[in-house]
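Written below as structure tokens is the structure these notes are about.
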Amino acid sequence: MTDPVSDRTHAAETTAASQELEWRDGDMPYSTAFGDHFYCQTDGRLECGHVFLDGNGLPARWNEKQTFLIGELGFGTGLNFCETWRQWKQHGEPDSQLHFMSFELYPMRAEEIDRALSRWPEIDAERQTLVGAWPEEPRGIVSLALDVRTRLSVVCGPAMDGVNEAKAGFDAWYLDGFAPSRNADMWSPELMQLLYDKTAPGGTFATYAAAGFVRRNLQSAGFAVERRKGFAGKREMLCGIKPA
Ligand SMILES: C[S@@+](CC[C@H](N)C(=O)[O-])C[C@H]1O[C@@H](n2cnc3c(N)ncnc32)[C@H](O)[C@@H]1O
């Protein structure tokens, strides 16, 4: 597989900071800095399937390409990655490759990832492999060949820097910053424009967010944006495509 991140990056020089977490309901992480949960309190794994996989036309689109590149804003606990990997193992073509590249300012420690993801027995195998491979001090670009068909790269540092230095060619984006009202950097016009520029023609995005300014930023960047029903009673979510 080719590496869509150039050899020299700011992110590679960045020492990752950590963020203060509170644990709610035993194993539900909550960021005190951003005042938000990492995923919906109903069921973050099912939310991932509805919002990020369905919203990007996955798993069906996996069969279109030999190597499929997913970008994510906000790795957090790795829940979206583990659920995507679980579905990839079931639905991906045997000779194709998945590269999941996530951009994260505050990478968690292995024991925090383990604690959060232990909630879901469905992704036990993925959690154990991820936690076993996760570095003690994640920094720079954490690049893990987790099985012969699946590679994870977590680019540590501000998403704006990481995406800027990534090579173009993303097939799908998971936009998963904290709530737009609390984490404006992850939804800015500049970052949405960068995402668009780095997306392959026909590439897509999906997000749980439905805020008007997020939709307008994505439209101004060039995406054709669609509103869909959100997860678990949420009225709307957004997804869209870069015209081919
Ligand atoms: C909603 S959580 C992501 C949840 C994650 N996708 C999961 O599966 O657990 C948002 C994440 O964005 C990260 N974040 C916030 N601002 C950022 C920035 N400017 N650049 C990169 N990551 C950022 C936070 O540290 C947090 O991990």
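Bear in mind these aren't lab numbers, they're just calculated from the coordinates by the rules spelled out. Everything numeric in this text was worked out from a predicted model, so none of it was measured. Cβ atoms come from the backbone with ideal geometry, glycine included; neighbour counts cover every protein chain shown.
Just a few scattered comments:
- Within region 183-231, if we keep just the residues that are under 16 Å from the mean Cα position of the chain (by Cα) and among the β-branched types (Val, Ile, Thr), the residue that is surrounded by the fewest Cβ atoms within 10 Å (Cβ to Cβ) turns out to be THR204.
- Condition check for THR77: more than 9 Å from the ligand (Cβ to nearest atom), in a loop (DSSP other than H, G, I, E, B) and of a type in the set (Val, Ile, Thr): no
- Considering residues of region 174-190 that are without any contact (Cβ under 8 Å) to a residue 60 or more places away in the chain and either under 19 Å from GLY240 (Cα atoms) or assigned to a strand (DSSP E or B) (or both) only, the residue farthest from the ligand (Cβ to nearest atom): PRO189
- Summed over region 96-110, the residues that are within 11 Å of the ligand (Cβ to nearest atom) and out of contact with any strand residue (DSSP E or B) (no Cβ under 7 Å at 6 or more places or on another chain) give a count of 3.
- The number of residues in region 27-42 being closer than 18 Å to LEU117 by Cβ and near the ligand (Cβ under 7 Å from one of its atoms) comes to 3.
- Tally, over region 114-173, of residues that are surrounded by fewer than 19 Cβ atoms within 10 Å (Cβ to Cβ), in contact (Cβ under 8 Å) with a residue 60 or more places away in the chain, out of contact with any helix residue (DSSP H, G or I) (no Cβ under 8 Å at 6 or more places or on another chain) and in a helix (DSSP H, G or I): 0
- GLU83 meets the conditions (1) within 20 Å of PRO180 (Cβ to Cβ); (2) of a type outside the set (A, V, I, L, M); (3) within 9 Å of the ligand (Cβ to nearest atom) in every case but one. The failed one is (1).
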